[in-house]
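To start, the structure under review is shown below, and the notes come after it.
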Amino acid sequence: EIFVDEKVRAYVVSVLQATRNHPDVALGASPRATLNLFRACQALALLHDRDYVIPDDVKELAEGLIGHRLIVSHAARMRGVDRRQIVAQILETIPVPGALRGLGVKVK
C-alpha cells in the first residue's frame, strides 16, 4: 500500500476542483480524474522507492493526467491559452501542503 496523507488528498481535490472553476475552462476534470491522479501518484511514489505520495508527485503528473481532460473555453482559445498554461496556473495558485507523513489515511 502506498500512503496518501489527508493533506495531499485535499491538495489533489483542490487542484481538480480548480479546473472546474477556472474562467478559461468550459469543462473541467471529472471526479474520475481525481481517482486516476491518486493512483498515478501512488505508482510514481513506488517508482521512486517510497511508500507515500508527496505533493511533488501531484505536480509532476497533473499536467499530463488532467490537462488533456480540460475543454478550454472558446474565448480562451481565441487568446491562445492552452491546457498546459491553465494547469500550470492552477498549480501555482493552490497552496502546497507541508508535513505529510503519519497524519492521513491509507489508500488501497
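What the table below lists for this structure:
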quantity	calculated
In nm, spacing of pseudo-spin labels at R84 and V13 (7 Å Cα→C-beta vector)	3.1
Gyration tensor (alpha-carbon) shape descriptor, the range 45-93, a/c threshold 1.5	prolate
Cα-derived Rg to Rh of the chain, Kirkwood definition	1.00
Dipole in debye (nearest 20) - the chain, about Cα centre, beta carbon charges: Lys, Arg +1; Asp, Glu -1	380
Label-point gap, in nm, between D56 and A75 - each point 7 angstrom along Cα→Cβ	3.8
The chain, helix-only ellipticity at 222 nm - DSSP H runs n ≥ 4, -39,500 (n - 2.57), divided by all residues, nearest 500	-17500 deg cm²/dmol
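Bear in mind these aren't lab numbers, they're just calculated from the coordinates by the rules spelled out. Just so it is clear, the structure is predicted and the values come from calculations on it, not from any experiment. Glycine also receives a Cβ, built like all others from the backbone with ideal geometry; neighbour counts cover every protein chain displayed.
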